[in-house]
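Participant: The structure under discussion is supplied below as structure tokens; questions concerning it will follow.
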Amino acid sequence: MIMCKTSKEIGGMGHSLKRKEDARFIRGLGKYTDDVQLPGMLYMDIARSPFAYAKIKSIDKSVAMEIPGVLAVITGEDLKQYNLHWMPTLMSDTQMVLPTDTVMYQAQEVAAVIATDRYIAADAVQALENSIEYDSMKPIIDPHKALDADAPLLRPDKDGKTDNHIWHWQTGDEEATEKAFSEAEVVVKEQVYIPRIHVASIETCGCVASYEKAEGKLTVWMTTQAPHAIRTVIALVAGHVGLSEERIRIISPDIGGGFGGKVPVYPGYVIAIAASFLIGKPVKWIEDRSENLQADSFARDYHMTVELASTKEGKMTGLRIKTLADHGYTDAAANPSKFPSGLFSIVTGSYDIPTAFTEMDAVYTNKPPGGVAYRCSFRVTEAVHAIERITDVLAQKLGRDPADLRFQNFIQKDQFPYRSALGWEYDSGDYAPALRMAMDMVGYEELRKEQAEKRARGELMGIGISSFTEIVGAGPSKDFDILGIKMFDSAEVRIHPTGKAIARFGTKSQGQGHETTYAQILAEELGIPAMHIQIEEGDTDTAPYGLGTYASRSTPTAGAAAAKAAHKIRDKARKIAAYLLEVSEEDLEWEPGKFFVKGAPERSKTIQDIAFAAYTNHPQGMEAGLEATHYYDPPNLTFPFGSYICVMDIDPKTAEMKIRRFVAIDDCGNIINPMIVTGQIHGGLAMGIAPAMYEELIYDDDGNILNGTFMDYLLPTSVETPNWETGHTITPSPHHPLGAKGVAESPTVGAPPAVANAVVDALSHLGVTHVDIPVTPFKVWQILKEKGVIS
Amino acid sequence: MSKHSITIEINGESFTREVDSRKLLIHFLRDDLALTGTHIGCDTSSCGACTILLNGKSIKACTFFAVQANNQKIETIEGVEQGGQLHPLQEGFHQEHGLQCGFCTPGMIMRGKELLEKNPNPTEEEIRWGISGNLCRCTGYSNIIKSIQYAANKLNEKQEEAA
């Protein structure tokens, strides 16, 4: 039950306030990057490589340049004159903006065309693509072959590099884990692959770059989740050509879905900026869907060997994981600097495992760079899949009910704050009630009976559980930075004389509803109605500096900053109220919206009275005005959790699969807006079943992508998506000022193993212990055929 | 490239323009007329972000030439609100939290409009199949279905009041 401290009119935390941002979107009046049109605007389009690995022999610009309306063809050699042909990645690797000699993956940018019209630009790209000659080479597609002795050296540009190994990373106690395994009564082991997928937000990426020569100012409307960081990166990369940070304005307008795919800097942005800078006119670049799927950052692509040790009674005693990570031709992941494999070390999950060791090797291949989010930024999905899958494998081996085994191994409520074997301090949790609630909601015991009866009749159904622990809200400055910039976030709040407010943030919503939820946080803390608080984000000229929105970090960081800024405002408001009421500050009590005199509640001043006085009648010696800024450095991450149950029916003749039920119990601490939280969970669940059942970027041996359009890269539609059944437990974060934790990526993290576990559960009596995601009907059909179920 | 003079009635207003024969309707609407509420999400008519109504029938404007719409009637998201009154579908998406980033929303509303005109009392299953040509990456669809059900109820109430 969610209790509200404020009235519905104020609309603070716990109210399902309808979203303020809807007003423009339901009328088609949202303003996305591609909606920006400027006088004299030019269009950019990009010629791309047909090969995964090739030397560029020659680029003949002349045919493209002869097309009327074509103003420029830009190649790597052109950018090289300004030292802009390479750029740094977020992981301190380097990435080509445009190549000067070698292409490293199919669909890589090779040259750009600037024209007066989008159709002319497309004509010119076609002409240009026919005028580039290549010498193709045999690419490395399988990461397991990247370190073979005869593998070509993919990055000879990197000084001293003699192989395709990028980095080795390990954490945990190797020796103690080795001992736990050698002494274990039971050990289970599986090879688990988390395939390469793509966020595929419905809006693709792009920008409109406008350099005004007279003022020397660059304005870029850009599909970016982190506008401030982008501004700094551009200043660092292009400072030498005269773009200094005060003359760069990044505007992140409405964003049509981000999910992490709009965190990186893509070559297209840089080329468009360079073109506008050189030509002095606005340049628009919007990629099409196939460019988006084929060239923009991928997610995941982890090949894991997962081992779990236990006693014969089922008490987990050790966890060991070895991973091979395919990063494509450069490490362009988006992780905090000190965490090359993100927060993968959350992999001990919800279980009290005394010792663990995990190691990882990243390699180069001839595939697009990335390793960014798919609604889960920092490799938590990979970790949760590993632990939740192997837990079911252990249950199967021991002949135990998977729910039972989880209850036995859960970290208990009184163990929090809990220090995990891999070093995290979990802030709060209470795992058993969430799983119990999910089991009650789905009718677990009855389903198990039904399953037994069906099995006897030769019918296939499975029940899959996932009891995940998340780790979000990056992060504390002692450990978390991106390119050296600490991962705090910010809020700047100004109260107007009439008691209304504007607040600006360093984050950037891509559909999460910040215009509503941030206003609710301020309403909660100041008592000003949420409808009277305007929220702005995404314009680096006006918003305070912040690291942006991804990894469910906005509520844990900027949301906390809003609360802290509100507290500063309240401190000043108390002084003004004391002055107005002619009492001492200590004699005043606060309730949302007003200060009143203790014991004399009729003597009070509303926040609106106080705001007016702050500009018209403030105490002598006090600064006028009522505003505050706060940069919030979280003391710890937050650890949301949940338990999901998926019920899957499988046709034993065709292997067609249908999710009959999907129950999701989430605990994200205190809830700001229940309607929005439930909406975030619905969306995350859909992005959970997507990689579990449908999505995978597939390459052939030559590095040709086989499903680079929406015709064959299958996003779930309304038909495949089940009705979501959701519920909550509430375990507040002890260190967050609002007790909130962050929620949007939890369901994407928790859902895939629930689906995979359901499918394996349906097939477990046939001796099946693991199926890699996506669990497609074809994979299951092959298993049924192999096991003789289908003749 | 040959030019054609075309006249199209869009949201009740007549527009006459010269267009290249190859210009797609979506670019005509967005670039030439600044009706940017209709979006582009793919190039293969798979996602439905560009859904509009042509003579009351939903089509995907990304794979339709502007010249094909000559002398016909088009309705886009910008024409759905009438006389300052939101359409029940617009209300429904707001009330039922049927949108997050808003990018697919105009296409969903246009598709929902045709769906409800043809079938004023759709079942959940009929709505699911009815909008299966429109992709949403944010909502997980449940609330979109509720939004369309909200509109169906509202439209039926209005019908009854009128009768």
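Participant: Condition test on B:Asn153, is it more than 9 Å from chain A (Cβ to nearest Cβ), modelled with pLDDT of 95 or more, more than 17 Å from the chain's Cα centre (by Cα) and assigned to a helix (DSSP H, G or I)?
Facilitator: yes
Participant: For residues that are charged (D, E, K, R), exposed (fewer than 13 other Cβ atoms within 10 Å of the Cβ) and in contact (Cβ under 8 Å) with a residue 24 or more places away in the chain, tally how many sit in the range A:158-182.
Facilitator: Number satisfying all stated conditions: 0.
Participant: Residues of the range B:111-138 being part of a helix (DSSP H, G or I) and either over 15 Å from the mean Cα position of the chain (by Cα) or β-branched (Val, Ile, Thr) (or both), which ones?
Facilitator: Matches in the range B:111-138: B:Glu124, B:Glu125, B:Glu126, B:Ile127, B:Arg128, B:Trp129.
Participant: Do we find a residue being in contact (Cβ under 8 Å) with a residue 24 or more places away in the chain, within 14 Å of chain B (Cβ to nearest Cβ) and of a type outside the set (S, T, N, Q) anywhere in the range A:75-94?
Facilitator: Scanning the range A:75-94, I find no residue that is in contact (Cβ under 8 Å) with a residue 24 or more places away in the chain, within 14 Å of chain B (Cβ to nearest Cβ) and of a type outside the set (S, T, N, Q), so the answer is no.
Residue-wise test of (1) touching a residue at least 24 places away in the same chain (Cβ under 8 Å); (2) not hydrophobic (A, V, I, L, M, F, W, C).
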| position | (1), (2) |
| --- | --- |
| A:Met104 | yes, no |
| A:Asp123 | yes, yes |
| A:Ala127 | yes, no |
| A:Tyr134 | yes, yes |
| A:Lys145 | no, yes |
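Participant: With the checklist (1) within 26 Å of A:Ala386 (Cα to Cα); (2) out of contact with any Gly (no Cβ under 8 Å at 6 or more places or on another chain); (3) not β-branched (Val, Ile, Thr) in hand, flag the one item A:Phe468 doesn't pass.
Facilitator: For A:Phe468, the exception is condition (2).
Participant: Still on this structure: Do we have A:Ile689 as assigned by TED's automatic domain parsing to the domain that holds A:Val760 and either of a type in the set (Asp, Glu) or in a loop (DSSP other than H, G, I, E, B) (or both) here?
Facilitator: For A:Ile689, the condition - assigned by TED's automatic domain parsing to the domain that holds A:Val760 and either of a type in the set (Asp, Glu) or in a loop (DSSP other than H, G, I, E, B) (or both) - is not met.
Participant: Go through the residues of the range A:338-352 one by one and say whether even a single one is within 17 Å of A:Gly172 (Cβ to Cβ), out of contact with any strand residue (DSSP E or B) (no Cβ under 8 Å at 6 or more places or on another chain), of a type in the set (A, V, I, L, M, F, W, C) and touching a residue at least 24 places away in the same chain (Cβ under 8 Å).
Facilitator: Yes, some residue in the range A:338-352 is within 17 Å of A:Gly172 (Cβ to Cβ), out of contact with any strand residue (DSSP E or B) (no Cβ under 8 Å at 6 or more places or on another chain), of a type in the set (A, V, I, L, M, F, W, C) and touching a residue at least 24 places away in the same chain (Cβ under 8 Å).
Participant: Please tell me if A:Ile10 is surrounded by 15 or more Cβ atoms within 10 Å (Cβ to Cβ), more than 14 Å from chain B (Cβ to nearest Cβ) and in a loop (DSSP other than H, G, I, E, B).
Facilitator: In short, yes.
Participant: When you go through (1) part of a loop (DSSP other than H, G, I, E, B); (2) crowded, with 24+ Cβ neighbours inside 10 Å one by one for A:Ile665, which number turns out not to apply?
Facilitator: The number of the failed condition is (1).
Participant: Which of (1) at pLDDT 95 or above; (2) within 14 Å of chain B (Cβ to nearest Cβ) is the odd one out, the single condition A:Ala744 does not satisfy?
Facilitator: A:Ala744 satisfies all of (1) at pLDDT 95 or above; (2) within 14 Å of chain B (Cβ to nearest Cβ) except (1).
Residues checked against (1) within 11 Å of chain A (Cβ to nearest Cβ); (2) surrounded by fewer than 21 Cβ atoms within 10 Å (Cβ to Cβ); (3) closer than 17 Å to B:Met108 by Cα; (4) within 12 Å of the chain's Cα centre (by Cα):
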{"residue": "B:Ile10", "(1), (2), (3), (4)": "no, yes, no, no"}
{"residue": "B:Thr16", "(1), (2), (3), (4)": "no, yes, no, no"}
{"residue": "B:Asp20", "(1), (2), (3), (4)": "yes, yes, no, no"}
{"residue": "B:Asp32", "(1), (2), (3), (4)": "yes, yes, no, no"}
{"residue": "B:Thr36", "(1), (2), (3), (4)": "yes, no, yes, no"}
{"residue": "B:Cys47", "(1), (2), (3), (4)": "yes, no, yes, no"}
{"residue": "B:Ile52", "(1), (2), (3), (4)": "yes, no, yes, yes"}
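Participant: Could you go through the range B:60-83 and let me know if any residue there is more than 9 Å from the chain's Cα centre (by Cα), of a type in the set (A, V, I, L, M), under 25 Å from A:Leu17 (Cα atoms) and within 7 Å of chain A (Cβ to nearest Cβ).
Facilitator: For the range B:60-83, residues more than 9 Å from the chain's Cα centre (by Cα), of a type in the set (A, V, I, L, M), under 25 Å from A:Leu17 (Cα atoms) and within 7 Å of chain A (Cβ to nearest Cβ): absent.
Participant: Looking at the structure I just gave you, is A:Lys478 more than 28 Å from the chain's Cα centre (by Cα) and surrounded by fewer than 24 Cβ atoms within 10 Å (Cβ to Cβ)?
Facilitator: Details: more than 28 Å from the chain's Cα centre (by Cα): no; surrounded by fewer than 24 Cβ atoms within 10 Å (Cβ to Cβ): yes.
For A:Lys478, the condition - more than 28 Å from the chain's Cα centre (by Cα) and surrounded by fewer than 24 Cβ atoms within 10 Å (Cβ to Cβ) - is not met.
Participant: Continuing with this model, one more query. Among the residues of the range A:691-712, write down those that are surrounded by 19 or more Cβ atoms within 10 Å (Cβ to Cβ) and either over 27 Å from A:Ala664 (Cβ atoms) or facing chain B (nearest Cβ under 9 Å) (or both).
Facilitator: If the condition is that a residue be surrounded by 19 or more Cβ atoms within 10 Å (Cβ to Cβ) and either over 27 Å from A:Ala664 (Cβ atoms) or facing chain B (nearest Cβ under 9 Å) (or both), then A:Tyr699, A:Gly703, A:Ile705, A:Gly708, A:Phe710 are the ones that fit.
Participant: Give me the pairs: first residue in the range A:729-749 and on the phi > 0 side of the Ramachandran plot, second residue among the polar types (S, T, N, Q) and buried (at least 24 other Cβ atoms within 10 Å of the Cβ), beta-carbon distance under 6 Å, and six or more apart or on different chains, which are they?
Facilitator: A:Gly739/A:Ser733; A:Gly742/A:Ser552; A:Gly742/A:Thr555; A:Gly742/A:Thr638
Participant: On the basis of being in the same structural domain as A:Lys262 (by TED's automatic domain parsing) and part of a loop (DSSP other than H, G, I, E, B), does A:Leu79 make the cut?
Facilitator: no
Rundown of residues vs (1) surrounded by fewer than 22 Cβ atoms within 10 Å (Cβ to Cβ); (2) under 17 Å from B:Asn156 (Cβ atoms); (3) not hydrophobic (A, V, I, L, M, F, W, C), yes/no style:
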| residue | (1), (2), (3) |
| --- | --- |
| B:Gly92 | no, yes, yes |
| B:His97 | no, no, yes |
| B:Cys104 | no, no, no |
| B:Met108 | no, no, no |
| B:Arg111 | no, no, yes |
| B:Lys118 | yes, yes, yes |
| B:Pro122 | yes, yes, yes |
| B:Glu125 | yes, no, yes |
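Participant: Another question, if that's okay. Taking the range A:579-612 on its own, how many of its residues are polar (S, T, N, Q) and in a strand (DSSP E or B)?
Facilitator: Number of matching residues: 2.
Participant: Within the range A:13-66, count every residue that is within 14 Å of chain B (Cβ to nearest Cβ), touching a helix residue (DSSP H, G or I) at 6+ places or on another chain (Cβ under 7 Å) and among the small types (Gly, Ala, Ser).
Facilitator: Here the count works out to 3.
Participant: Among the residues of the range A:206-264, write down those that are without any contact (Cβ under 8 Å) to a residue 12 or more places away in the chain and among the polar types (S, T, N, Q).
Facilitator: Selection gives A:Ser244 alone.
Participant: Ok, one more. Can you spot a residue in the range A:278-289 that is away from chain B (no Cβ under 14 Å), surrounded by fewer than 21 Cβ atoms within 10 Å (Cβ to Cβ) and in a loop (DSSP other than H, G, I, E, B)?
Facilitator: Looking for residues that are away from chain B (no Cβ under 14 Å), surrounded by fewer than 21 Cβ atoms within 10 Å (Cβ to Cβ) and in a loop (DSSP other than H, G, I, E, B), one finds at least one in the range A:278-289, hence yes.
Participant: Here's another thing I want to ask about it. Can you say whether A:Phe298 is crowded, with 23+ Cβ neighbours inside 10 Å, more than 14 Å from every other protein chain (Cβ to nearest Cβ) and touching a Lys or Arg at 6+ places or on another chain (Cβ under 7 Å), as far as the supplied structure shows?
Facilitator: For A:Phe298, the condition - crowded, with 23+ Cβ neighbours inside 10 Å, more than 14 Å from every other protein chain (Cβ to nearest Cβ) and touching a Lys or Arg at 6+ places or on another chain (Cβ under 7 Å) - is met.
Participant: Something else about it: Can you work out which of the residues in the range A:109-138 that are in contact with a Pro (Cβ under 8 Å, 6 or more places away or on another chain) and under 20 Å from A:Asn292 (Cβ atoms) is surrounded by the fewest Cβ atoms within 10 Å (Cβ to Cβ)?
Facilitator: Across the range A:109-138, the extreme among qualifying residues is A:Glu129.
Participant: Kindly establish whether A:Phe357 is more than 30 Å from B:Cys62 (Cβ to Cβ), assigned to a strand (DSSP E or B), more than 14 Å from chain B (Cβ to nearest Cβ) and of a type in the set (Phe, Trp, Tyr).
Facilitator: yes
Participant: Just need a number here: residues in the range A:191-225 that are charged (D, E, K, R), farther than 19 Å from A:Lys284 by Cβ and crowded, with 18+ Cβ neighbours inside 10 Å.
Facilitator: 1
The values are calculated or read from the model by the stated rules, or taken from the named source; none is laboratory data. Note that the structure is a prediction, hence the values are computed from the model and not measured. Methodologically, a virtual Cβ is constructed for each residue, glycine included, from the backbone with ideal geometry; neighbour enumeration extends over all protein chains shown.
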